[in-house]
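The values are calculated or read from the model by the stated rules, or taken from the named source; none is laboratory data. Nothing here was measured: the structure is a model prediction, and the numbers come from that model. As a convention, Cβ positions derive from the backbone with ideal geometry for all residues, glycine included, and neighbour counts pool all protein chains shown.
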Amino acid sequence: MDTPPIPWNKLWDDVKFSFEHLSDITHVALVADQGWIGAYVNMLNPMMKAELKHFKRPELEVARSWLAQAV
């Protein structure tokens, strides 16, 4: 697994924010080419009420479209 380019404590802040706002968030698109992001999404998906989906950077517009359709 690749090392994330951001500190682990920032990832933990993201997880905490997600849990505090579970009922507010219905869809999350994570756009990144790093392989560990897909693993992160797979790890969090079962714990989240929101639907999480990983997109590669060339799929940015697909991710935006997916989010727009979810509204």
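Just a few scattered comments:
- Whichever residue in segment 32-71 is surrounded by fewer than 17 Cβ atoms within 10 Å (Cβ to Cβ) and touching a Lys or Arg at 6+ places or on another chain (Cβ under 8 Å) and, among such residues, is farthest from I6 (Cα to Cα): W66
- Long-range neighbours under 7 Å by Cβ, at least six apart or interchain, first residue farther than 19 Å from Q69 by Cβ and assigned to a helix (DSSP H, G or I) within segment 26-46, second at pLDDT 90 or above and not aliphatic (A, V, I, L, M): I37/H54; G38/H54
- Selection count, segment 52-71, where residues are more than 20 Å from W36 (Cβ to Cβ) and among the acidic types (D, E): 1
- Matching option when the condition is touching a helix residue (DSSP H, G or I) at 6+ places or on another chain (Cβ under 8 Å) and β-branched (V, I, T), among V41, V62, V31: V31
- Taking segment 1-14 as the range and being in a helix (DSSP H, G or I), within 22 Å of A63 (Cβ to Cβ) and modelled with pLDDT under 85 as the test, the residues that pass are L11, D14.
- Of all residues in segment 48-66, those that are under 12 Å from the mean Cα position of the chain (by Cα), under 16 Å from S18 (Cβ atoms) and not in a strand (DSSP E or B) total 2.
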